[in-house]
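A.B. asks: Below: one structure in structure tokens.
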Amino acid sequence: QVQLVESGGGLVQPGGSLRLSCAASRNIFSRYNMAWYRQAPGKQRELVASITSGGSTNYADSVKGRFSISRDNAKNTVYLQMNSLKPEDTAVYYCNAIDRFLGIDYWGQGTLVTVSS
């Protein structure tokens with residue numbers, strides 16, 4: 001089993017930046033693809049960004065050019081750098097890990113990001 005712990009959420013003004021971190025309980029990156037999802041109040045959870053074990057990235061259209069996903073294999077950590085934040089980015093952000101071979105996925109507990117003046 002894999003535990004994922006997110007951190008870095010908080011309150012930020014529009015146009016500001018935050019960096020979210022997702023720490024995994026063990027070395028999973030050679031086997032797992034990682035992603036960040038978010039869920040705003042009253043909306044479905046949506047994919048924000050993903051990164052494969054090989055380092056390929058993918059972004060939702062709404063965050064392209066503003067968000068960047070990266071991973072530090074030595075620290076078993078995935079990051080989401082969020083710049084030029086907008087009020088519509090307000091949501092709970094969740095870290096996700098998918099076992100490439102078994103199709104099992106794991107979720108963190110989420111971290112709240114609020115973009116407001």
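A.B. asks: Tell me, rounded to the nearest percent, the portion of alpha carbon pairs in the range 1-55 spaced more than 17 Å apart.
C.D. replies: 52 percent
A.B. asks: Mind putting a number on the dipole of the range 15-117 about its Cα centre? Charges go on the C-beta only, +1 for Lys and Arg and -1 for Asp and Glu, and I need it in Debye to the nearest 20.
C.D. replies: For the range 15-117, the charge dipole is close to 160 debye.
A.B. asks: Just in the range 82-117: which chymotrypsin sites (Phe, Trp or Tyr not before Pro) are loop by DSSP and have at most 15 other Cβ atoms within 10 Å?
C.D. replies: In loop regions of the range 82-117 (DSSP not H, G, I, E or B), the sparsely surrounded chymotrypsin sites (Phe, Trp or Tyr not before Pro) are F101.
A.B. asks: Can you give the alpha-carbon Rg of the range 51-106 over 2.2 N^0.38 Å, where N counts its residues?
C.D. replies: 1.26
A.B. asks: Please give the solvent-accessible surface of D61 in Å², to the nearest 10, using a probe radius of 1.4 Å with every protein chain present.
C.D. replies: 120 Å²
A.B. asks: Using the Cα centre of the range 1-89 as origin and beta-carbon charges of +1 (Lys, Arg) and -1 (Asp, Glu), tell me which of G9, Q44, Y32 is placed farthest towards the positive end of the dipole.
C.D. replies: Of the options given, the answer is Y32.
A.B. asks: Once phi is turned into ³J(HN,Hα) by the Karplus curve 6.51 cos²θ - 1.76 cosθ + 1.60 with θ = phi - 60°, what whole-Hz value does each residue of the range 100-117 show in order, with x for glycine and proline?
C.D. replies: Once θ is set to phi - 60°, the couplings for the range 100-117 become 5, 9, 9, x, 8, 10, 10, 10, x, 7, x, 9, 7, 10, 10, 10, 7, 8 Hz.
A.B. asks: Ok, one more. With an 8 Å cut-off on Cα pairs and a minimum separation of 6 or more residues, tell me the relative contact order of the chain in percent.
C.D. replies: 37 percent
A.B. asks: If you don't mind, another one. So for E88, E6, E46, what's the accessible-area order with a 1.4 Å probe, most first?
C.D. replies: Solvent-accessible surface, decreasing: E88, E46, E6.
A.B. asks: Compactness ratio of the chain: Cα Rg over 2.2 N^0.38 Å, N = residue count?
C.D. replies: Compactness ratio reported: 1.00.
A.B. asks: What are the aspartates and glutamates whose alpha-carbon lies under 13 Å from the alpha-carbon of K43, with same-chain residues fewer than 8 places away excluded?
C.D. replies: E88, D89
A.B. asks: Let me ask something else about it. Once each part is reduced to its C-alpha centroid, what is the distance from the range 37-56 to the range 58-117 in angstrom?
C.D. replies: The range 37-56 and the range 58-117 have Cα centres separated by 6 Å.
The values are calculated or read from the model by the stated rules, or taken from the named source; none is laboratory data. Bear in mind the structure is a predicted one, so any value in this text is a computation, not a measurement. Note: ideal-geometry Cβ built from the backbone for every residue, glycine included; neighbour counts use all protein chains shown. Ligands, DNA and RNA are excluded from the accessible area calculation, which covers all protein heavy atoms including side chains. Shrake-Rupley method; radii C 1.70, N 1.55, O 1.52, S 1.80 Å.
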